Amino acid sequence: MSLNSQIEWTDATWNPVRGCTKISPGCKHCYAETFAERFRGVKGHPYEQGFDLRLVPEKLAEPFSWRAPKLVFVNSMSDLFQDGVPDGYVEIVSRVMATANWHTYQVLTKRSERLRDMLQTKLQFASDRENIWWGVSVEDRKYGLPRVDHLRRAPARIRFLSIEPLLEDLGEIDLTGISWVIVGGESGPGARPMERDWVVSIRRQCREQRVPFFFKQWGGVRKARNGRLLDNRTYDEYPSRMVTPVPEKSECAAFAEEVLRGLESLTHPDRLVSLSA
Ligand code: SF4
C-alpha cells in the first residue's frame, strides 16, 4: 500500500490484485501499465511480472493494521472485477472492506456488468455498506455511459463515477442514484485533450442533480502546469463519510484472522482455485 497517494481524491492505495488487461479507449495510456512494465524482470520487485494479472493474498490483511481511518483507493494498479480474478477472491477483498470498516474504500472498475451481477448476489453483504463506495470509469459515450446504467442497477449505498480521462462531450447524463462525480483530463506523453465545455457541462449537471463534484485535473503533457482550477477555484466535493471507531489492536488481529480463514478454504485443493492467476 501507499499511505500517501498522489491521487488527488484519495489518501491511500491498497492493491490485493496487480496487473490488468485493456478493454476500452480509456485504457490507452494506462498509468498502472506504464509503471508496472518499468519493473518487468527486476528480481524481487512487486512488479517483477510487469502488468500481468497476479493476485496478492499477502496484501489482504493490510487494512486491519492501519490504525487511523483512511480513504482507500482499492486496486489503483488493477481492476478487481476483471475476468481472471475468481469470485471467491473478490468476496474476500469485500469481506476485508466490510470488516475493517473504520476505513472508507473506493472501488473503481470498467467491468461494470460483473460489478452489478456480484453486488446482486455474492457481494450482497457488502452492497449497503456506507464505507464502501462502488464506482465505474466513464471516458466516452460508447463505452463509458452504459457503465453508468450497470452501476445504477447494482444495489450499492454509495455509487460514484470517475470521468477520467474525459475524451469527448458526454451530453446529458442521468445521475439518478449517483453520489459522487470525479472529472479529469488525461496526463502524460500523448495525452488526449479535454475541452473546457465538456467539464462545465458535467459541473452544471452535478449542480442540477445535487451530486458532489470533484475536479481532479486538466491533465495534458505538463499536468502540473495546467493545474486543477476551474473558473479560478478548485472543486473538492465528496459524499459525506461515516465515522467509525477503530477497534483495539487485538480485536483487529482477530478480525484479520477470521477473514483470512476464508482464504484457506478458497485455496483448499477441492476448490480448485488458483491464487497465482
Ligand atoms: S481497466 Fe484500468 S487498470 Fe485495467 S488496463 Fe484499463 S486503465 Fe489500466
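Within region 48-58, does at least one residue satisfy the condition of being more than 16 Å from the ligand (Cβ to nearest atom) and either touching a strand residue (DSSP E or B) at 6+ places or on another chain (Cβ under 9 Å) or within 29 Å of residue 155 (Cβ to Cβ) (or both)? Yes: region 48-58 contains one or more residues that are more than 16 Å from the ligand (Cβ to nearest atom) and either touching a strand residue (DSSP E or B) at 6+ places or on another chain (Cβ under 9 Å) or within 29 Å of residue 155 (Cβ to Cβ) (or both).
Within region 129-144, track down each residue that is outside any strand (DSSP E or B) and either over 14 Å from residue 178 (Cα atoms) or open to solvent by less than 10 Å² (accessible area, probe 1.4 Å) (or both). Matches in region 129-144: 129, 131, 138, 139, 140, 141, 142, 143, 144.
Among the residues of this structure, residue 207 counts as one that is part of a helix (DSSP H, G or I) and modelled with pLDDT of 95 or more. For region 34-43, a residue qualifies if it is more than 13 Å from the ligand (Cβ to nearest atom) and open to solvent by less than 70 Å² (accessible area, probe 1.4 Å), and the qualifying residues are 39, 41, 42. Among the residues of region 182-235 satisfying the criterion of being touching a His at 6+ places or on another chain (Cβ under 9 Å) and open to solvent by less than 30 Å² (accessible area, probe 1.4 Å), which is nearest to residue 138 (Cα to Cα)? Only one residue tops the list, namely 186. For region 4-33, the tally of residues that are of a type in the set (Lys, Arg) and either within 8 Å of the ligand (Cβ to nearest atom) or surrounded by fewer than 19 Cβ atoms within 10 Å (Cβ to Cβ) (or both) stands at 2.
Looking at region 213-231, which of its residues are over 25 Å from residue 160 (Cα atoms) and part of a loop (DSSP other than H, G, I, E, B)? Scanning region 213-231 gives 221, 222. Here are some residues: 85, 72. Which one is within 16 Å of the ligand (Cβ to nearest atom), under 28 Å from residue 187 (Cβ atoms) and crowded, with 21+ Cβ neighbours inside 10 Å? It is 85. Scanning region 240-255 for residues being of a type in the set (Lys, Arg) and within 27 Å of residue 178 (Cα to Cα) gives a total of 1. Of the candidates 124, 106, the single residue that is of a type in the set (S, T, N, Q) and open to solvent by 50 Å² or more (accessible area, probe 1.4 Å) is 124. State yes or no: is residue 51 open to solvent by less than 30 Å² (accessible area, probe 1.4 Å), modelled with pLDDT of 95 or more and in contact with a Gly (Cβ under 7 Å, 6 or more places away or on another chain)? Yes: the conditions hold for residue 51.
The values are calculated or read from the model by the stated rules, or taken from the named source; none is laboratory data. Owing to the predicted nature of the structure, the values given are computational and were not obtained by experimental measurement. Positions of Cβ are backbone-derived with ideal geometry, glycine not excepted, and every protein chain shown enters the neighbour counts. To get the accessible areas, we keep the full protein, side chains included, count just its heavy atoms, and leave off ligands, DNA and RNA. Shrake-Rupley method; radii C 1.70, N 1.55, O 1.52, S 1.80 Å.
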